[in-house]
Each structure stands twice: as structure tokens, then as C-alpha cells.
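The values are calculated or read from the model by the stated rules, or taken from the named source; none is laboratory data. Quick caveat, the model's predicted, so the values are computed rather than measured. Don't worry about glycine lacking a Cβ; one is built from the backbone with ideal geometry, like all the others, and counts go over all protein chains shown.
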Amino acid sequence: MSSIALAARIADIEAVEINETWEEFQGHAQQAKDATLFRLHQQREQTKTREDAEARAEAERKAREEQERQEREERIAREAEERAKQEAKAETERLERERQEAVQREQEAERRAEEAEARAKQEAEEAARQERERIEAQEQARQEEEQRRAADREHRAQIHRDAAAELCIVADITVEQARGVITAIARGQIPNVSISY
């Protein structure tokens, strides 16, 4: 149960008024209420600590992914630059040989060298772009799945809350009793009864 859900549960219990209408059960009811609130407050603190730790871990994971992405892009750029340098060097050597054969062929060779370097740079930029798009698509898919799961959890929780509220009215039982019944049904502990989500 999330810290938000626990806070809502604490608020529900705190809203239960223990007064003389409880008659001889007033003292016992007050003790039960105080004990339950104490336990729920402890549970909420523990849950909040865990949720904070999970949020920090998620932020660290995203930071690591971003760093890895940047390192990949830098490596791709470095490799492309090295390839371009090697290709340029090979082309220059070839040009030098051709220059000795004919001045006219030298100009054509220089043009081919420039085109080769431009192609190498363009290929490097394209490879980096494709890598960025792949990472972005993965991240988007992960976020969409997280959003879908969160929406499903909230949907189920709302159905549970609505069912518990109706059960309180129809069966004339307490909120805690209604929640207990709904929880037992959701866990499959009551045969032949289920909740439609």
C-alpha cells in the first residue's frame, strides 16, 4: 500500500468518533483506534522511506542511462572522426601518387576526397541520430508501461473504495469491516465471488 493510501486510511480512522454512544465499549474502542493509528503511522513512515529510496534509485538509473547515452554518442563521434581521418589520409596518399601522374587528375582526386569525408561525417551523424531515437523510443515505451500500470492500480483502488462505501451502506458495517471484505474478495479468499474491474 502506498504512503498516500495509508494517509487516506489514517484520515478515515481518525474521522471515526469514539464517544459515549459506544457505551461500555468506548474504552476498548479508543484503545483499538489509538493502536491502529500508531501502527498505520509507523507503516506510513516506513512506506514513505521506501518510496523515497525508490524515487532516488529511479533518478540515479535515469542519470546512468543518460550518461551511458552521452558516452555512446561521444564514442560513435570519436570513431567516426578517426575513420574520417584515416580515410582522408589514405585519400591524400592516393592523391599524391596521382599528382605525380597528371595535374588534371589531381583536381578530380581532391574532389573525391572531400566527398568521402563528407559521406563519413554524414554516416556518423546518422548513426548517432538512430542511436538517440532508439534510446528515446525505449524510454517512451517504459514510461507508457509505467503510466498504464499506475492507472490500473488507481482504477482498482477506486473500485475497491466504491465497493467498500456501498457495502457500508447496504450491509450496515464499519469502513474497516467493509475494507476487510473487499480485500478478502480481491485476494480470492471468498469462493465464487469476484470483483469486476
- Going through (1) outside any helix (DSSP H, G or I); (2) surrounded by 11 or more Cβ atoms within 10 Å (Cβ to Cβ); (3) of a type outside the set (A, V, I, L, M, F, W, C) one by one, R83 fails only at (1)
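What number of residues in region 162-197 are aliphatic (A, V, I, L, M) and in contact (Cβ under 8 Å) with a residue 40 or more places away in the chain? Give the steps one after another, and end with the answer.
So the first thing to find is which residues in region 162-197 are aliphatic (A, V, I, L, M), and the list is 163-165, 167, 169-171, 173, 175, 178, 181-182, 184-186, 190, 193, 195.
Subset that is in contact (Cβ under 8 Å) with a residue 40 or more places away in the chain: 175.
Residues in region 162-197 being aliphatic (A, V, I, L, M) and in contact (Cβ under 8 Å) with a residue 40 or more places away in the chain: 1 in total.
In region 79-102, which residue that is among the aliphatic types (A, V, I, L, M) and out of contact with any Lys or Arg (no Cβ under 9 Å at 6 or more places or on another chain) is nearest to E125 (Cα to Cα)? Break it down into steps so the answer makes sense when it comes.
Step one: list which residues in region 79-102 are among the aliphatic types (A, V, I, L, M), which gives 80, 84, 88, 90, 95, 102.
From what's left, out of contact with any Lys or Arg (no Cβ under 9 Å at 6 or more places or on another chain): 88, 90, 102.
Details: A88: 18, A90: 22, A102: 35 Å.
Looking at the filtered set, the residue picked out is A88.
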- Message: Can you list residue pairs whose Cβ atoms sit under 8 Å apart, with the first residue in region 74-98 being without any contact (Cβ under 8 Å) to a residue 24 or more places away in the chain and the second being surrounded by 11 or more Cβ atoms within 10 Å (Cβ to Cβ) and among the acidic types (D, E)? Count only pairs 6 or more apart in sequence or on different chains.
- Response: L95/E106; L95/E110; E98/E106
- Residues being modelled with pLDDT of 90 or more and among the polar types (S, T, N, Q) - total across region 162-197: 4
- Query: Within region 1-58, can you find the residues that are modelled with pLDDT of 90 or more and not in a helix (DSSP H, G or I)?
  - Reply: none
